[in-house]
Amino acid sequence: MKNCEYQQIDPQALSTPTPTPPPHAAAAESGNEQDKKAKRPRRKWEVFPGKNRFYCDGRIIVARQSGVLPLTLGLILVTSGLFFIFDCPFLVKHLTGCIPVIGGVLFVFVVITLLQTSFTDPGILPRATPDEAADIEKQIDNTGNTTYRPPPRTKEVLINQQVVKLKYCFTCKMFRPPRTSHCSLCDNCVERFDHHCPWVGNCVGKRNYRFFYTFIVSLSFLTAFIFGCVTTHLALRAQGGKGLVFALQESPVELVICFFSVWSILGLSGFHTYLVASNLTTNEDIKGSWSGKSGAEDTTNPYSHRNIFINCCSVLCGPMPPSLIDRRGFLPTEESAQTSSAEVETPSLAAKNEINVVGGSSQLACGLQDSPSPVPAPPNSHQNSSFA
Amino acid sequence: MSPDIQLEHSASLANKVFIQRDYSEGTTCKFQTKFPSELESRIERTLFEDTVKTLNNYYAEAEKIGGQSYLEGCLACATAYLIFLCMETRYEKVLKKIAKYIQEQNEKIYAPRGLLITDPIERGMRVVSFECAWLCVYACKSISMGEKDGGRREEVSKQE
């Protein structure tokens, strides 16, 4: 006689690891051993597979190599400091009191946007879960056999009547969306990848491009402003009778820094203004994806709105997309207790094929869910759900 | 697993079904409305298409470039983007609406048919996944053993 019991079980129960037979589960019921192993619930940033560093418990994200960010900050602080200390008093006396105000506003803008560019998630795509990876690999075979093998390198899609090739990322195990590129320094796929900027120590992508653009534009205004003020200061002092050489001796550092940086930063701002107006990324421009350099005939940029104003607005004033990597979300407690890579084990399914193909994937890639209920919670909730 | 208990999965949906993104209109978030063959016996085509089309509409609303988004963008630029630290963006508001809609759809339409939709944000906006929601637990032969084992199985599942 069959006793049929229906119970609603969390689908993740199918994919959460069950490495040992029921005696382990029986021991887990008492809870003591599990509690000792998993003392504190871990956050997802602690098991993030990319080469990033996290601070303030996952609130701040930077690339593993901070590059020359300290140098950038140092140069800005030193130059601005010297400007406020040596040039401002003279110019306020001889010209106008607005000068330190304007300088101050620009300086604050520059520092804030620099820190935002460096510490914001540029649009990192989380790696595919083993189920998704297996699904992609399974789709390719049309002969009816369910085999799992690496898919072809590219897939073509039609975007606004333009053929675009989507590449398969072997690290992230997914076909990259259009305009996405894998940064080898950060080991992440980044949406609308522009470039990896060593000066800010982070990738520049979809989510932080507007911060980056505001940073370089305000920096070019700041350097041009300081350069102009220093030159005016020197001119006024030279007129005062002591001579140009004497005046030069008083503020050489700022002059040198500003002289060399103003051209490069103005040039960079100009270049990015052109990119924004034509809705291109640095990556696409360098590769010549849409200018026909790559050999394809008659290619046009399918993402451009064909209007400079609309392009600028969509890139700079468009909606701010959310971060897709849930840095501060909690891992399920039994996942954080395990140190080895999780194996997806589903009873009576051909799960061993999945393991062969995607074995060794990190815990994060195994599809983590916080909520014990069937409907997953929103990504940025800070739930600490325990399964015990 | 005790040999007295058999787990029987719903045969036609042993794996998860993933609905991929539709890039025909660019990089805006849109999912394919093509009805997958694996779901043929589980859900009506019209219900599936309605759900995916409504999701697509929500995402289009979130990513719409218009007066409100320009205002938000300009205000943010004027405040050196510090406003993003204090204010919830329109996109986040729409994501909350989407989460609520998915929960509603799961409760009313999909759970009774033994399916569950996962919010795409959980998958990095790559896919909408349909998963099997129900497991049927049979205890055969000894009923008393079955009751105890069935209870233990329930507890074990809750542990997981």
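The values are calculated or read from the model by the stated rules, or taken from the named source; none is laboratory data. What you see is a predicted model, and the numbers here were worked out from it, not measured in a lab. Every residue, glycine as well, gets a Cβ built from its backbone with ideal geometry; the counts of neighbours run over all protein chains shown.
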- [ ] Scan the stretch A:210-227 residue by residue and report those that are more than 12 Å from chain B (Cβ to nearest Cβ) and farther than 17 Å from A:LEU69 by Cβ.
- [x] A:SER220, A:PHE221, A:LEU222, A:THR223, A:ALA224, A:PHE225, A:ILE226, A:PHE227
- [ ] Return yes when A:PHE225 is surrounded by fewer than 21 Cβ atoms within 10 Å (Cβ to Cβ) and under 20 Å from the mean Cα position of the chain (by Cα) and no when it is not.
- [x] no
Open item on the list: If a residue must be over 21 Å from B:ARG126 (Cα atoms) and of a type in the set (A, V, I, L, M), how many such residues does the stretch A:170-203 contain?
Closed with: 2
Open item on the list: I need the full set of residues from the stretch A:79-107 which are within 14 Å of another protein chain (Cβ to nearest Cβ) and either touching a residue at least 60 places away in the same chain (Cβ under 8 Å) or within 16 Å of A:ILE216 (Cβ to Cβ) (or both), in order please.
Closed with: A:LEU106, A:PHE107
- [ ] Considering each residue of the stretch B:30-42, count those that are surrounded by 18 or more Cβ atoms within 10 Å (Cβ to Cβ) and at pLDDT 85 or above, and give that number.
- [x] 2
TODO: Could you check A:THR214 against (1) more than 15 Å from the chain's Cα centre (by Cα); (2) over 22 Å from A:SER269 (Cα atoms) and say which number it fails?
DONE: (2)
Open item on the list: Can you list the helices (runs of 4 or more DSSP H) lying wholly within the stretch A:46-140 that have 3 or more residues being touching a Pro at 6+ places or on another chain (Cβ under 6 Å) and within 30 Å of A:CYS258 (Cβ to Cβ)?
Closed with: none
TODO: Determine, yes or no, whether A:SER361 is within 30 Å of B:TYR59 (Cβ to Cβ), touching a Lys or Arg at 6+ places or on another chain (Cβ under 8 Å) and at pLDDT below 50.
DONE: yes
Task: Filter pass, A:ILE61 being surrounded by 20 or more Cβ atoms within 10 Å (Cβ to Cβ), more than 14 Å from chain B (Cβ to nearest Cβ) and either at pLDDT below 90 or under 29 Å from the mean Cα position of the chain (by Cα) (or both) - done: yes
Task: Of the criteria (1) within 35 Å of the chain's Cα centre (by Cα); (2) at pLDDT 80 or above, which one A:PRO89 fails - done: (1)
Open item on the list: Cβ-Cβ under 7 Å, sequence separation 6+ or interchain: first residue in the stretch A:161-172 and closer than 21 Å to A:PRO302 by Cα and within 12 Å of chain B (Cβ to nearest Cβ), partner among the aliphatic types (A, V, I, L, M) and buried (at least 16 other Cβ atoms within 10 Å of the Cβ). Which pairs?
Closed with: A:VAL164/A:VAL157; A:LEU166/A:VAL157
Task: Residue within the stretch A:205-212 that is out of contact with any helix residue (DSSP H, G or I) (no Cβ under 9 Å at 6 or more places or on another chain), at pLDDT 90 or above and of a type in the set (S, T, N, Q) present - done: no
TODO: Would you mind telling me which numbered condition in (1) at pLDDT below 75; (2) within 30 Å of the chain's Cα centre (by Cα) A:THR281 fails?
DONE: (1)
TODO: Could you list, in sequence order, all residues of the stretch A:311-324 that are over 17 Å from B:CYS77 (Cβ atoms) and either more than 7 Å from every other protein chain (Cβ to nearest Cβ) or of a type in the set (A, V, I, L, M) (or both)?
DONE: A:SER323, A:LEU324
- [ ] Would you tally the residues in the stretch B:49-74 being facing chain A (nearest Cβ under 10 Å) and hydroxyl-bearing (Ser, Thr, Tyr)?
- [x] 2
- [ ] Scan the stretch B:66-115 for residues that are in contact with a strand residue (DSSP E or B) (Cβ under 7 Å, 6 or more places away or on another chain) and among the aromatic types (Phe, Trp, Tyr) and jot them down.
- [x] B:TYR110
